[in-house]
Amino acid sequence: MRDTDTRPSGAPAEAPMVGDHLAMDLLNTQARSDGQVVDYWHTGDDVLRWLERHHVAPPAKRPRVAAQDLLTQGKQLRTVVHDLIAARKAGHDVDVERLNAYLQGYQTSPHLERDDAGNVTLARRAHGDAIASLLGPVAEATAQLLIDGDFSLVKQCEHPDCILWFYDRTKAHKRRWCSMAQCGNRYKAAQFRKRSSSSSRPAKADK
Ligand SMILES: [Zn+2]
C-alpha cells in the first residue's frame, strides 16, 4: 500500500492501454473518474512498469535509475507531449523545442542481435543517460506523430467525464470512445435514462 495513492476505489491499478499509439497512452496515464483527475504515476516504478508494458524497457534488464528523477522527467515529458498534441489538434503552431530536449538526450546506435528464432535482426541500442534512454522512444514516437500523423484521427473520448485520448485506427474512422465497454455503454445508458424520463413526464401529468 502506498500513502500517496490517490486512485479512487474501484479504479484500475494500471493506466488504460486504449490509445493505440504510444504518445496517446502516455497522455492516458492521467484519466478522469467522477470529475477527478486520476494520475497512474506516483513513483518511478509506476513509470518503469508502464514503459515495460509498452515494450519500451526490456523487462529482463531493468536499468538502475533514480526513481524520483524518472518520475519527475516522465511527468515533464507527459506535459510537453500533452501541450504539443493539444495545440496541434486545435490547429495551433507547436513549440517543438521542448520535445527536442528529450530527442537530443536519446542517443542510440544500430546493433545486430539474434531473435528467439536465431535470426539476425537490426536493433538500436541506447547508450546515453539512463532516463533519457528510457523516455527517448516515447519522445520519438511523439515526434513521428507530429511528422506524419493524421490529426483528424487523434481524438479524445466523447464521454463528458473522460479525458482519454486515442489514435483512431478503425477502418471507417468513426471511433468515439476510449472503450465501448466503459464510456460508450455508460453514455448510451445515460442518454436512454434521459430519454425515458422525459418521455414519461407528460404521461404522469395526464393522470
Ligand atoms: Zn472514455
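The values are calculated or read from the model by the stated rules, or taken from the named source; none is laboratory data. Note that this is a predicted model, so its numbers are computed, not measured. Cβ coordinates were reconstructed from backbone atoms using ideal geometry, including for glycine residues, and neighbour counts include every protein chain displayed.
Here are some notes:
- Among residues of region 175-199, those that are more than 10 Å from the ligand (Cβ to nearest atom) and closer than 27 Å to T142 by Cβ, counted: 1
- Hits in region 140-163 - residues which are more than 9 Å from the ligand (Cβ to nearest atom), modelled with pLDDT of 95 or more, farther than 22 Å from L103 by Cβ and surrounded by fewer than 19 Cβ atoms within 10 Å (Cβ to Cβ): S152, L153
- Qualifying residue in region 170-186 (condition: in a helix (DSSP H, G or I), over 28 Å from L51 (Cα atoms) and not polar (S, T, N, Q)): yes
- If you go through region 164-174 and keep only what is under 19 Å from L26 (Cα atoms) and either modelled with pLDDT under 95 or more than 10 Å from the ligand (Cβ to nearest atom) (or both), you end up with Y167, D168, R169.
- Residue among S197, S133, S109, S179 that alone is among the hydroxyl-bearing types (S, T, Y), free of Cβ contacts under 8 Å to residues at least 12 places away in the same chain and at negative phi: S197
- Across region 26-44, the number of residues qualifying as touching a residue at least 40 places away in the same chain (Cβ under 8 Å) and either polar (S, T, N, Q) or more than 12 Å from the ligand (Cβ to nearest atom) (or both) comes to 11.
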